[in-house]
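This report refers to the structure that appears directly beneath it.
Bear in mind these aren't lab numbers, they're just calculated from the coordinates by the rules spelled out. Just so it is clear, the model here is predicted, and its values are computed rather than measured. Virtual Cβ from ideal backbone geometry, glycine too; neighbours counted across all protein chains shown.
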């Protein structure tokens, strides 16, 4: 009788394990496209709305991200656990926000917001001039607690201050600012002091991240290549607009030296992020299908060799971020969307 009970117990456990494994494999296969061999155990963390730019906390147990959802007409900042639970609003709920990041200790975050200028969302970009990005002058960078309380203003000028991220070594912030009339990269201490300008080339520079050891910086840039592009760039910049149809990836040392171009794809390549080994960069690009504006994730060595396509989505994959151990990838994707323009946050195990 005892043996029968034990046998029955193990049979039940085996059936439960098989059911769980089968369900997980089925969900993963529905979210993963053919050829995505570097991704496994894909999980969808958000459902509905537009969700993007999800970045790990220093303890690697939370994500901070921006989302247009529920009653909000434009992006606000939220946090959530790595399984998508405990979603909390951490911005003011006013204005438009972007580019949030945890600070060491994970009790504070920074993000950019227009709430000081108006409680309402700023007017949408003028599409009569084609597909353009708007660099709102109203964006300033704030330091806030996780209960939403603003601690201080970290960076403020009459022009655009945004796209801030924090070095994994926990000592510097890098961000993009228009304060000198052209969008350039600046760094500062965690309290906003010791402001330094790193770049001074005509054109847009932004979306910068430090390598895991803090010695390198990767960023996207649009440098006009001829007089026609320069004239178009300057016309748009007068209205704080940017045409992001040709963005390339660049790498430099943390002090701005040893700058070199990584990609030469002639496409919209953006959201570059270092692999923890500091030798590879993952980024989003429409390089494979520029006419349809389909974006996928690619990986490339820092010397520009070894370009490899990582995702094979027929809509959008962007904003990829590795965990510090390189075992997990988080990104935003249009896969499994239930409505047009829906973008959600996904997480997967990284397979070398």
Can you sort 71, 138 so the residue with the fewest Cβ neighbours within 10 Å comes first?
71, 138
Roughly what % antiparallel, to the nearest 5, for the DSSP beta bridges in the chain?
95 percent
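Note down the relative contact order for region 68-178 as a percent, whole number, built from C-alpha pairs under 8 angstrom at least six residues apart. Before the final figure, lay out the partial values.
Working: 230 pairs, mean separation 23.6, N = 111.
Taking the mean separation of contacting Cα pairs over the length of region 68-178, I get 21 percent.
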For region 230-314, the Kirkwood Rh over every pair of distinct alpha carbons, in Å, works out to 14.0 Å
Sort 161-167, 295-301, 143-149 by packing, meaning the average of other beta carbons within 10 Å per residue, with the highest value first.
161-167, 295-301, 143-149
Using the Cα atoms of region 104-148 to build a convex hull, what is its mean projected area in square nanometres?
4.4 nm²
Residues of region 126-146 with the amide nitrogen closer than 20 Å to a label point 7 Å from the Cα of residue 234, along Cα-to-Cβ, please.
135
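Based only on other Cβ atoms within 10 Å, what is the fewest-to-most ordering of 238, 202? Mind showing how you got there, number by number?
Working: 238 7, 202 12.
Listed from fewest to most nearby Cβ atoms, that is 238, 202.
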Taking Cα atoms, the helix 227-238 axis meets the longest principal axis of the chain at an angle in degrees (rounded to 10) of 90 degrees
Separation of the residue 349 and residue 312 label points, Cα + 7 Å toward Cβ, nm:
2.1 nm
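Return the percentage of antiparallel bridges among DSSP beta bridges fully within region 264-352, rounded to the nearest 5 %.
On the way: 22 of 23 bridges.
Antiparallel: roughly 95 percent of the beta bridges in region 264-352.
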Hey, quick one: spin label on residue 60, modelled 7 Å out along Cα-Cβ, who in region 291-334 has an amide N within reach, i.e. under 17 Å?
321-331
How far apart, in nanometres, would the label points at residue 339 and residue 289 be if each is projected 7 angstrom from Cα along the Cα-to-Cβ direction?
2.4 nm
Given the DSSP H assignment, sum -39500 (n - 2.57) over each helix run of at least 4 residues in the chain and divide by its residue total; what's the result at 222 nm in deg cm²/dmol, nearest 500?
-4000 deg cm²/dmol
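Packing-wise, with mean Cβ within 10 Å as the measure, how do 125-131, 244-250 rank, highest first? Intermediate values should be presented prior to the final figure.
Values: 125-131: 11.0, 244-250: 20.9.
The densest-packed peptide leads the list: 244-250, 125-131.
Tell me, 58, 270, 346, 72 in order of fewest to most beta-carbon neighbours within 10 Å? Show your work: numbers first, answer last.
Working: 58 15, 270 22, 346 25, 72 18.
Listing 58, 270, 346, 72 from fewest to most nearby Cβ atoms yields 58, 72, 270, 346.
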Principal axis dimensions, largest first and in whole angstrom, of the chain by Cα
85, 44, 40
By how many degrees, 0 to 90 and rounded to 10, does the Cα axis of helix 2-31 deviate from the longest principal axis of the chain?
30 degrees
From Cα pairs below 8 angstrom and at least 6 apart in sequence, can you work out the relative contact order of region 39-350, rounded to a whole percent?
15 percent
